[in-house]
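Participant: If you scroll down you'll find the structure; I have some questions about it.
The values are calculated or read from the model by the stated rules, or taken from the named source; none is laboratory data. All values derive from a computational prediction rather than experimental measurement. Positions of Cβ are generated from backbone atoms using ideal geometry, with glycine treated the same way; all protein chains shown enter the neighbour counts.
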Amino acid sequence: MSKICVIGTGYVGLVTGTCFADLGNEVICLDIDHERIASLKAGQMPIYEPGLEQLVKQNVAAERLFFTTDYAIALKDAEYAFIAVGTPSGNDGEADLRYVRSAAEAIADHVKNAILVINKSTVPVGTGDWVADVINRRRHGKALNFSVVSNPEFLREGSAINDFMNPDRVVLGSEDQSAADRVAQLYQPLRCTIMTTDLRTAEMIKYASNAFLATRISFINEIANICEELGADVREVARGMGLDKRIGPQFLDAGLGWGGSCFPKDVKALEHMAVLHGTQPQLLQAVMEINRNQRRRAVMKLRKSLKTLNEKTIGVLGIAFKPNTDDIRDAAAIELIHLLQNEGAQIKAYDPQAMENASHVLKNVVLCENPYQVAEGADALVLATEWNEFKQLDFKKLKSIMKQAVILDGRNLWDASALKDLGFTYMGIGRYHLPGK
Ligand code: UGA
């Protein structure tokens, strides 16, 4: 059993803290947001993540998981301090490190004994060294026995607990091998591959991994667009490609492009770091441009099919950036809705989990209670997020209540030929030119 403090109760911090508690450690999760900590103490989750609420409750009841806003309490006996605070994007893509700085300063102020400082936040390459500097400077020459370890996270929203408990790998970067080994001990129960390397390389692995996954998606989206012109079906193309073990099947789903709190921020930050240091990240720039285009293309398809978008009613199914989350940050649906509104369209929308978040961001959108309300009177229906509950809709009913039977399946979820048989004009991504399909 180790004593762990996790600073930041966002996605990463809360999942990491809860899972370490579940592995038998004593974990205190700290956040400076009093309201958030009060809710967590009352058993209310700040985010929707399958399985999280139950795991938090179990570990709180077992007295292995605690919440506080007080650094002195959180760091008093901690052997490990995980920094898992937000690193928002500045205007030019540069990561904003103010929360990392205050976490590092709090460690300098409150830690009495030796401590391992583990960076879980996604931070620019070189930040691990900077954190050590911040701590040392803050101590004004009063030495503190600590080492910094970079431990990038690879959790996906919607499957974060499973990803934590069954990782493909754990990456640890440090200039102090014994520090990395001690952090590795925390992960031993997971019986996974643990890779240790230097600090900067670990930080880079995180950016490179996310940028590569985003690249795969932009690649298949570009192929999808070519498929549309040449009459091939991108889903079959992806399947055929994915059977090659060197390529593999994952992250080859064409659609409205990638969103969320990670890919957009991290690809931009990597591009920014590259430009700042005098290299030309041409591929990263193209990856981002293709992603932006994917939403514009969707609008173009709708405009073409409906002749004009002005005063047309468009129903949007799914607002979250992907299924099983209520996160709408950089969601394709949000951008799509704004683009459609710019052309004078009226929007109705529904999401199984993200309605509250959406209500803070979307203006002049009719927020509905189910897909059928969305479809009522709509000139077109767009699927933006492939939630399970959208898989088996009553399309006959939808057709009878829509003004025009036009569907843009932005995630290639539905059976195009069945919908065409029902009389819908069906548009998918990278497949809709195929005769009879
Ligand atoms: C991503 C990475 O997958 C995680 O490994 C990483 O830890 C995380 O970012 C992070 O840096 O914190 P996440 O953003 O939760 O995880 O979601 P993904 O499942 O990766 O999906 C990202 C976006 O890509 C979504 O908008 C999704 O709809 C889209 N996507 C994904 C596609 O369009 N096609 C695909 O084939 C896969």
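Participant: If I filter the range 233-257 down to residues being in contact with a Leu (Cβ under 8 Å, 6 or more places away or on another chain) and not charged (D, E, K, R), which single residue comes out as nearest to the ligand (Cβ to nearest atom)?
Facilitator: F251
Participant: For the range 299-306, does any single residue satisfy the condition of being in contact with a helix residue (DSSP H, G or I) (Cβ under 6 Å, 6 or more places away or on another chain) and not charged (D, E, K, R)?
Facilitator: Checked the range 299-306: at least one residue is in contact with a helix residue (DSSP H, G or I) (Cβ under 6 Å, 6 or more places away or on another chain) and not charged (D, E, K, R).
Participant: Pairs under 6 Å by beta carbon, first residue in contact (Cβ under 8 Å) with a residue 24 or more places away in the chain and over 15 Å from S121 (Cβ atoms) in the range 256-270, partner within 6 Å of the ligand (Cβ to nearest atom) and not in a helix (DSSP H, G or I), six or more apart or different chains?
Facilitator: Matching pairs, first to second residue: G259/F321; G260/F321.
Participant: Moving on. Of these, I161, I220, which one is within 13 Å of the ligand (Cβ to nearest atom), surrounded by 15 or more Cβ atoms within 10 Å (Cβ to Cβ) and assigned by TED's automatic domain parsing to the domain that holds G10?
Facilitator: I161
Participant: Looking at the range 333-437, what helices (runs of 4 or more DSSP H) fall wholly within it and have at least 2 residues that are over 16 Å from I314 (Cα atoms)?
Facilitator: 355-361, 395-401, 416-421
Participant: Taking the range 335-351 only, how many residues are crowded, with 22+ Cβ neighbours inside 10 Å and either β-branched (V, I, T) or on the phi > 0 side of the Ramachandran plot (or both)?
Facilitator: The qualifying residues number 2.
Participant: Next up: Among the residues of the range 380-391, are any among the hydroxyl-bearing types (S, T, Y), at pLDDT below 95 and within 16 Å of the ligand (Cβ to nearest atom)?
Facilitator: So far as the range 380-391 goes, no, none of its residues is among the hydroxyl-bearing types (S, T, Y), at pLDDT below 95 and within 16 Å of the ligand (Cβ to nearest atom).
Participant: Shifting gears a bit: Going through V149, V183, V125 one at a time, which residue ends up being within 16 Å of the ligand (Cβ to nearest atom) and either crowded, with 20+ Cβ neighbours inside 10 Å or under 23 Å from A95 (Cβ atoms) (or both)?
Facilitator: V125
Participant: State which residue is nearest to the ligand (Cβ to nearest atom) when the search covers only the range 312-342 and only residues that are over 19 Å from the mean Cα position of the chain (by Cα) and farther than 17 Å from L381 by Cβ.
Facilitator: Taking the candidates together, the pick is H338.
Participant: In addition: In the range 164-180, what count of residues is obtained for those that are within 14 Å of the ligand (Cβ to nearest atom) and under 20 Å from D129 (Cβ atoms)?
Facilitator: Going through the range 164-180 one residue at a time, the tally reaches 1.
Participant: Let me ask something else. Across the range 72-122, what is the number of residues that are in contact with a helix residue (DSSP H, G or I) (Cβ under 6 Å, 6 or more places away or on another chain), within 15 Å of I28 (Cα to Cα) and surrounded by fewer than 21 Cβ atoms within 10 Å (Cβ to Cβ)?
Facilitator: Residues in the range 72-122 being in contact with a helix residue (DSSP H, G or I) (Cβ under 6 Å, 6 or more places away or on another chain), within 15 Å of I28 (Cα to Cα) and surrounded by fewer than 21 Cβ atoms within 10 Å (Cβ to Cβ): 2 in total.
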